[in-house]
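Notes to accompany the following structure.
The values are calculated or read from the model by the stated rules, or taken from the named source; none is laboratory data. Note that the structure is predicted; figures quoted are calculated from it, not measured. Note that each Cβ is placed from the backbone with ideal geometry, even for glycine, and that neighbours are counted across all protein chains shown. SASA here: full protein model, heavy atoms, side chains in, ligands and nucleic acids out. Shrake-Rupley method; radii C 1.70, N 1.55, O 1.52, S 1.80 Å.
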Amino acid sequence: MTAGCAGTSGTSGASPATPGKERPSDAYASVPAAAAVAPDESAGSEPAAARSGSPRCRAEDLGMSLGRADAGAGQIYYRLSFENRSQASCTLRGFPGVSLIRRDGSVIGVPAEREGGMRDRTVIGPGRAAGVTLHTLNEGIEDSGCWDRPDYLRVYPPGSTEALTLRTPQLRICGDRFTATAMGG
């Protein structure tokens, strides 16, 4: 499982958040702090930055976007992409911490669970993107129903204790299935 980190928030394109200092942009918005899960890199391994020559990507240098739903055979997948907005390559490895957030900052459901295995580090060049896949079920596949739609996603990039916040009401989680894969190209 992932390590917890409550009360941390941040926005893309801004320095780590301090009260009253968040700087939302068009796609990103500030929301009150809420409990969410911060991911860890693989326990006991050498940091990815040391192996690649590129530093670990910092939340403040990343932008995020969520792709449209890709449905089939009762499954729904969304591509969550991280764009490197810095001037140098950086590295991500591991699973992100992803939570659904209401406008008031409260959490909907539980954070995404890990799906699949760890992958090799991903080096992201300036202006380039890499991502993860979020997975849920179509409504009616399981008897558990669907969660409320979020106003925001709060995402901790792999290895980071600073979160990015993305405004998006499009994600709908059904069947109590909410998972995220490890970083990949």
Give me the distance in nm between label points sitting 7 Å out from Cα along the Cα-to-Cβ direction at Q170 and M118, one decimal. 3.2
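Relative to the compact-globule scaling 2.2 N^0.38 Å, provide the ratio for the alpha-carbon radius of gyration of the stretch 48-104. Don't skip to the answer; put the middle values down first.
On the way: Rg = 14.8 Å, N = 57, 2.2 N^0.38 = 10.2 Å.
Against the empirical 2.2 N^0.38 Å value, I get 1.44 for the stretch 48-104.
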Order 172-182, 147-157, 65-75, 88-98 from most to least packed using the mean count of other Cβ atoms within 10 Å. 88-98, 147-157, 172-182, 65-75
Across 10 Å bins from 0, what is the distribution of all Cα-Cα pair distances for the stretch 40-185, in whole percents? 12, 42, 32, 13, 1
Leaving out ligands, DNA and RNA, what percent of the accessible area of the stretch 59-185 is carbon and sulfur, probe 1.4 Å? 41
Taking 7 Å along the Cα-to-C-beta vector as the label spot, tell me the V110-R79 distance in nanometres, rounded to one decimal. 2.9
³J(HN,Hα) across the stretch 116-121 via Karplus (A = 6.51, B = -1.76, C = 1.60, θ = phi - 60°), whole Hz, x for Gly/Pro? x, x, 5, 10, 5, 4
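Calculate the dipole size of the stretch 67-135 relative to its Cα centre from +1 charges on Lys and Arg beta carbons and -1 charges on Asp and Glu beta carbons; express the result in debye to the nearest 20.
Working: 10 positive and 6 negative charges, 38 e Å.
For this selection, approximately 180 debye.
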With no solvent term and unit scatterers on the alpha-carbon positions of the stretch 116-185, Debye gives log₁₀ I(q)/I(0) at q = 0.16, 0.27 Å⁻¹ of -0.71, -1.26
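Which FRET efficiency, nearest 0.05, do R68 and A88 yield, Cβ-Cβ r, R0 22 Å? Working shown, then result.
Working: r = 31 Å, r/R0 = 1.39.
Step by step, r from the Cβ atoms, then E = 0.10.
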Classify the stretch 93-132: rounded, prolate or oblate, from the alpha-carbon gyration tensor (a ≥ b ≥ c, eigenvalue square roots; a/c under 1.5 rounded; otherwise prolate if a/b is larger than b/c)? oblate
